[in-house]
Each structure stands twice: as structure tokens, then as C-alpha cells.
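Taking it in order: structure first as C-alpha cells, then the write-up.
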Amino acid sequence: MEKKWPARIAGGAAGLANGLFGGGGGMVFLPIVSRWGNLPSRKLYATCVGVIFPVCLVSAAVYLFQGSIDLLTALPYLLGGLLGGFIGGKLYGKVSTTFLKWLFAAFLFYAGVKYLL
């Protein structure tokens, strides 16, 4: 029972980040699970997606019920995101984990710098 607390804390941190920032739960979740989860890289990334998906659904539902989502504006992004997610899922087993780690770090760095400017 006690070993489940790190997982609950990681999930809570990811959900909190996702709810506060409208996304980014995976950026919180991935480093935590990589430290506590003892998973190989491929399973780590897949697990993060598996956890973040329902977290995003909950955040989106809250935003929707609050009237904070402009569905017409979101629709083109959603369609592109669905297509990109499908393609990324198909490429998942074909890309080296080293490349994925560097790509993830580059996205984090870019997003951080872009957000500050």
C-alpha cells in the first residue's frame, strides 16, 4: 500500500499541472515516473501517454463545463492533433529512445524559452 503513494503523488502533480496550465502534465509526469517507475524507456513513454490521456479528458471536461473552451477555434487543432498522435503512435517503435529523449528535452527547452519571451 505504501509503495502506491509515489504514483499517486506523480499523478496528482501531473493532473495539477494539466489543470492549471491547460496541458503539460506529461512534462511533470515523465521525469517523476522515470525516477520512481523502474520502467524501460519505451514503456515509460507509453505509460505517460496512457495516464495523461484521461487527465486531459478531465481537464477538458472542467473547462468545457465552465464555458472556457471555444470549440470552433479548437477543432482544427484537435483534428491535427489526432492525426499527429496516430502517426506518432505508428512511428513509436521505430524511433530510438535516445532520439526521443533529446527531442523531448528540445521541446521542453523551446517551450520554456518561448514562454518567457
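Points to keep in mind about this one:
- Dipole-positive endmost among 78, 33, 13 within the chain (Cβ charges, Cα centre): 33
- Measuring r between the beta carbons of residue 87 and residue 47 and using R0 = 25 Å, the FRET efficiency lands at 0.80.
- Three-way shape call for region 12-117 based on the alpha-carbon gyration tensor, with the a/c threshold at 1.5: prolate
- Among 26-37, 75-86, the order from most to least packed when residues are scored by Cβ within 10 Å on average: 26-37, 75-86
- Packing rank of 52-64, 6-18, where each peptide gets the mean count of other beta carbons within 10 Å, highest leading: 6-18, 52-64
- With every protein chain in place, the chain: carbon and sulfur % of accessible area (1.4 Å): 74
- Solvent-accessible area of residue 110 with every protein chain in place, 1.4 Å probe, in Å² to the nearest 10: 140
- Charges were assigned to the Cβ only: +1 to each Lys and Arg, -1 to each Asp and Glu. The resulting dipole of region 1-77 about its Cα centre is roughly 420 debye.
- Partner lysines for residue 43 [C-alpha distance under 28 Å; skip if fewer than 8 residues away on the same chain]: 3, 4, 90, 94, 101
- Förster-model FRET efficiency, 25 Å R0, residue 116 and residue 70, C-beta, rounded to 0.05: 0.45
The values are calculated or read from the model by the stated rules, or taken from the named source; none is laboratory data. Because the structure is a prediction, the values reported are computed rather than measured. Cβ: placed from backbone, ideal geometry, glycine included. Neighbour counts: every protein chain shown. Side chains included, ligands, DNA and RNA excluded: accessible areas come from the protein's heavy atoms. Shrake-Rupley method; radii C 1.70, N 1.55, O 1.52, S 1.80 Å.
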